[in-house]
Amino acid sequence: MELQSTIESIAEQHLANDKHFLVDVSVSAKKGPTKVLILLDGDEGISIDDCVALSRKVSLSIEEQDLITSAFTLDVSSPGLDHPLKLIRQYEKNIGRTVRVMTLDGEEVEGELNTVSKDTITVMKKKKKGKKAMEDPQVIIAFEEIKKTNVLVSFK
């Protein structure tokens, strides 16, 4: 855990600007070389060049500080659609997009992410064709009740 937090600190020091932020850092040393994964995001997106630049700087720091003495792999990437939203900053970035929220009690809410506060999100459920009007299409969900939230892609 100490190695993970050290690498997280190194990565934060090398962020290109304040529009970039770390989503997650994980270190796994099960079989073979140690694997370090850094998920990087940005308020206006992340480019491959951003990932490459951070990877080079973090890798150099790991080697200079001799943090990992054996072989290791370092992957820096942006979280894909298969990665649930984790930080309030990610929620804010995705306002206006369609999301699927799974709550801790098993409820599933799908709709447009409308607002984000420090404690809650608001999702506007989609009206279904041919159905009666919904009583309240707006759902407010506390972050502490969210199991996971994924951004959905529409191919319409």
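The values are calculated or read from the model by the stated rules, or taken from the named source; none is laboratory data. None of the values given here were measured: they were computed from a predicted structure. Note that each Cβ is placed from the backbone with ideal geometry, even for glycine, and that neighbours are counted across all protein chains shown. The area values use the complete protein model at the heavy-atom level, side chains included, leaving out ligands, DNA and RNA. Shrake-Rupley method; radii C 1.70, N 1.55, O 1.52, S 1.80 Å.
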> Which members of the range 1-46 meet the condition of being part of a helix (DSSP H, G or I) and either of a type in the set (Ser, Thr, Tyr) or touching a helix residue (DSSP H, G or I) at 6+ places or on another chain (Cβ under 6 Å) (or both)?
Replying inline: 5, 6, 9, 10, 11
> Would a scan of the range 115-123 turn up a residue that is open to solvent by less than 40 Å² (accessible area, probe 1.4 Å), among the small types (Gly, Ala, Ser) and at negative phi?
Replying inline: no
> Inside the range 57-73, can you point out the residues that are without any contact (Cβ under 8 Å) to a residue 24 or more places away in the chain and assigned to a helix (DSSP H, G or I)?
Replying inline: 59, 60, 63, 64
>> What's the total number of residues in the range 74-101 that are open to solvent by less than 50 Å² (accessible area, probe 1.4 Å) and not in a loop (DSSP other than H, G, I, E, B)?
In response: 8
> Yes or no: residue 10 within 30 Å of residue 111 (Cβ to Cβ), buried (at least 18 other Cβ atoms within 10 Å of the Cβ), without any contact (Cβ under 8 Å) to a residue 60 or more places away in the chain and of a type outside the set (Gly, Ala, Ser)?
Replying inline: no
